[in-house]
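Peer 1: Before we start, here is the structure in question, set down as structure tokens.
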Amino acid sequence: MCGITGILPANIKFKHNIKNDILVMTESLRHRGPNSLNHYSDEYIALGHTRLSVLDLSSRATQPKKSFTGRFILSFNGEIYNHSKLRSEIEEEHGFKNWESSSDTLTLVNMFEFWDLEKILNKMKGMFAFALWDKKLKKLILARDRFGEKPLYFGWIEKDFVFGSELKAIKKHPKFANSISDKALSLYTQVHYVPSPLSIYNDIYKLEPANFIVISNEHEQVKLEKKNIEVKKKGFLKKKWWNHKDKSNFYDLKTKLNYKQKIEFLDKTISASVNRQLISDVPIGSFLSGGIDSTLMTLMMKRNTSQQVNTFTIGMENH
């Protein structure tokens, strides 16, 4: 778990202390990434990052991370399970082998030097929310994984575009005064949560799973109320890049399998998914709830690794 945040001001030339602002916003996310806190800023944008080290524990994997040409700057929360395979594809297609770090962050930021956004998103297998600044085109990209495992909020404070892993980072912006959303509050009293893309504040939204945004400083502010609707305005694009209803993404359940074949298929599929997620430079562990699901995950972990699997659970007195 890491934390990402940033500011894309309406005015290209900063008139306030943007470095101080992004540091305060980033500091509010330190609990998400206790290993390091860093930021990047130029005359167009500021990005912040707090890191929880999982792959490549050295300072070489510190974020925000630049691509090898310096064109792209990345602040990334998550893990790309197939990043080694993606590196091999880049090496084979383009002959590039200048990997200064073994982190999946470096893989991701350098992929943008060779492939376009939607190709990258569809190739990645993992959980993620990231912000990428294109210094050449002066555009910011925000993207979220297929099922929304990693959170990402975004929106406008006055005319400044802001984003963060949590609302508390956005609220640390010095000009934050956004009012409570009447619609979001009404929905909360009905369903006991605030449905996407709304947040509890006006002009602040949740980026839905499998969506991305491309935005420039010179953009029109938008109002978002309907989920997963593609939005195009001056300097602003919001789009859904993957749909779970696309049959090409799933095994054809209409295929006639007998009971034994179905069990074998399920076992193989779950085992492969768990195995992909065991890539780590720190000890791996499992939270046990006492239910079948966490027990099954732990069994699959033991099957796919020779490492010690540490298990954890939570207990309370009189329960």
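Peer 1: Each residue of region 272-282 in order: what ³J(HN,Hα) in whole Hz does its phi give by Karplus 6.51 cos²θ - 1.76 cosθ + 1.60, θ = phi - 60°, with x for Gly and Pro?
Peer 2: 5, 5, 5, 4, 4, 8, 8, 6, 7, 9, 10
Peer 1: For a Förster distance of 22 Å, can you work out the FRET efficiency between the beta-carbons of Lys268 and Phe312, rounded to the nearest 0.05?
Peer 2: After rounding, the FRET efficiency stands at 0.20.
Peer 1: Give the accessible surface of the chain per residue, rounded to a whole number of Å², with probe radius 1.4 Å and ligands, DNA and RNA excluded. Write out the running numbers ahead of the final one.
Peer 2: On the way: 17050 Å² over 319 residues.
In whole numbers, the chain has 53 Å² accessible per residue.
Peer 1: Can I ask one more? Cut-off under 17 Å on the C-alpha distance; same-chain residues fewer than 8 positions from Lys245 excluded. Which lysines are left, in chain and number order?
Peer 2: Lys227, Lys254
Peer 1: A further question on this structure: Straight-line reach from Lys232: which lysines have a Cα under 17 Å away, not including same-chain ones fewer than 8 places off?
Peer 2: Correct list for Lys232: Lys139, Lys223, Lys240.
Peer 1: Of all DSSP beta bridges in the chain, what percent run antiparallel (nearest 5)?
Peer 2: 95 percent
Peer 1: Same structure, new question: Let me check I've understood the local charge: for Asp116, count other residues with C-beta under 12 angstrom from its C-beta, Lys and Arg +1, Asp and Glu -1. What total comes out?
Peer 2: Net of charged neighbours comes to -1.
Peer 1: Which value, in debye to the nearest 20, gives the size of the charge dipole of region 162-319 about its Cα centre, when Lys and Arg are +1 and Asp and Glu are -1 at the Cβ?
Peer 2: That gives region 162-319 a dipole magnitude of about 560 debye.
Peer 1: Among DSSP beta bridges lying fully in region 161-319, give the percent that are antiparallel, nearest 5.
Peer 2: Percentage antiparallel, nearest 5: 75.
Peer 1: Something else about it: In debye, nearest 20, what is the charge dipole magnitude of region 161-250 about its Cα centre with +1 on Lys and Arg Cβ and -1 on Asp and Glu Cβ, if you could check?
Peer 2: So the magnitude is around 120 debye.
Peer 1: Would you mind telling me which residue in Gly95, Gly164, Gly48 has the biggest mean-square fluctuation in a Gaussian network model of the chain, where springs connect alpha carbons within a distance under 10 angstrom?
Peer 2: Answer for the Gaussian network model of the chain: Gly95.
Peer 1: Just subtract the alpha-carbon distance of Lys123 and Lys85 from 0.36 nm times their residue separation and send over the number in nm, one decimal.
Peer 2: On the way: separation 38, 0.36 × 38 = 13.68 nm, distance 1.00 nm.
Roughly 12.7 nm would be gained on extension.
Peer 1: Run the dipole for the chain about the Cα centre, Lys and Arg Cβ at +1, Asp and Glu Cβ at -1, nothing else charged, and hand back the magnitude in debye, nearest 20.
Peer 2: The calculation lands at about 580 debye.
Peer 1: Say we join alpha carbon atoms closer than 10 Å with springs in a Gaussian network model of the chain; which of Glu208, Glu89, Glu166 then has the biggest fluctuation?
Peer 2: Taking springs between Cα atoms under 10 Å, the residue moving most is Glu89.
Peer 1: With runs of 4+ DSSP H residues as the only contributors, calculate the mean residue ellipticity of the chain at 222 nm using -39,500 (n - 2.57) per run, divided by the residue total and rounded to the nearest 500.
Peer 2: Calculated mean residue ellipticity at 222 nm is -7500 deg cm²/dmol.
Peer 1: In the chain, with Lys and Arg counted as +1 and Asp and Glu as -1 at Cβ, which of these residues, Ile4, Gly290, Leu121, has the Cα nearest the positive end of the dipole, that is, farthest along it?
Peer 2: Ranked along the dipole, the leading option is Leu121.
Peer 1: May I pose another question? Work out from phi, with θ = phi - 60° and the Karplus expression 6.51 cos²θ - 1.76 cosθ + 1.60, the ³J(HN,Hα) of each residue of region 79-92, listed in order in whole Hz, and give x for Gly and Pro.
Peer 2: Once rounded to whole Hz, the list reads 8, 9, 6, 9, 5, 5, 5, 5, 4, 4, 5, 5, 4, 6.
Peer 1: May I pose another question? Which whole-angstrom value gives the distance between the alpha carbon centres of region 145-162 and region 282-309?
Peer 2: 32 Å
Peer 1: With unit charges on the beta carbons (Lys and Arg positive, Asp and Glu negative) and the dipole taken about the Cα centre of the chain, which residue among Ser84, Ser179, Ser273 sits farthest to the positive side?
Peer 2: Ranked along the dipole, the leading option is Ser179.
Peer 1: Under the rule of at least 5 residues apart or a separate chain, name every residue whose amide H is placed under 5 Å from the amide H of Phe236.
Peer 2: Placed amide hydrogens put Glu220 under 5 Å from Phe236.
Peer 1: Find which of Ala169, Ser196, Ile213 sits farthest along the positive direction of the dipole of region 154-213, computed with +1 on the beta-carbon of Lys and Arg, -1 on that of Asp and Glu, about the Cα centre.
Peer 2: After comparing all options, I get Ala169.
Peer 1: Order these peptides, 103-116, 275-288, by their mean beta-carbon neighbour count within 10 angstrom, highest first.
Peer 2: By packing density, highest mean first, the sequence is 103-116, 275-288.
Peer 1: Okay, moving on. Given that just one value was derived from the coordinates, which of [x] 20.9, 68; [y] 22.4, 69; [z] 18.5, 57 is Rg and Dmax of the Cα atoms in Å?
Peer 2: For Rg and Dmax of the Cα atoms in Å, the calculated option is [x].
The values are calculated or read from the model by the stated rules, or taken from the named source; none is laboratory data. None of the values given here were measured: they were computed from a predicted structure. Neighbour counts are summed over all protein chains in view; Cβ atoms, including those assigned to glycine, are modelled from backbone coordinates with ideal geometry. Ligands, DNA and RNA are excluded from the accessible area calculation, which covers all protein heavy atoms including side chains. Shrake-Rupley method; radii C 1.70, N 1.55, O 1.52, S 1.80 Å.
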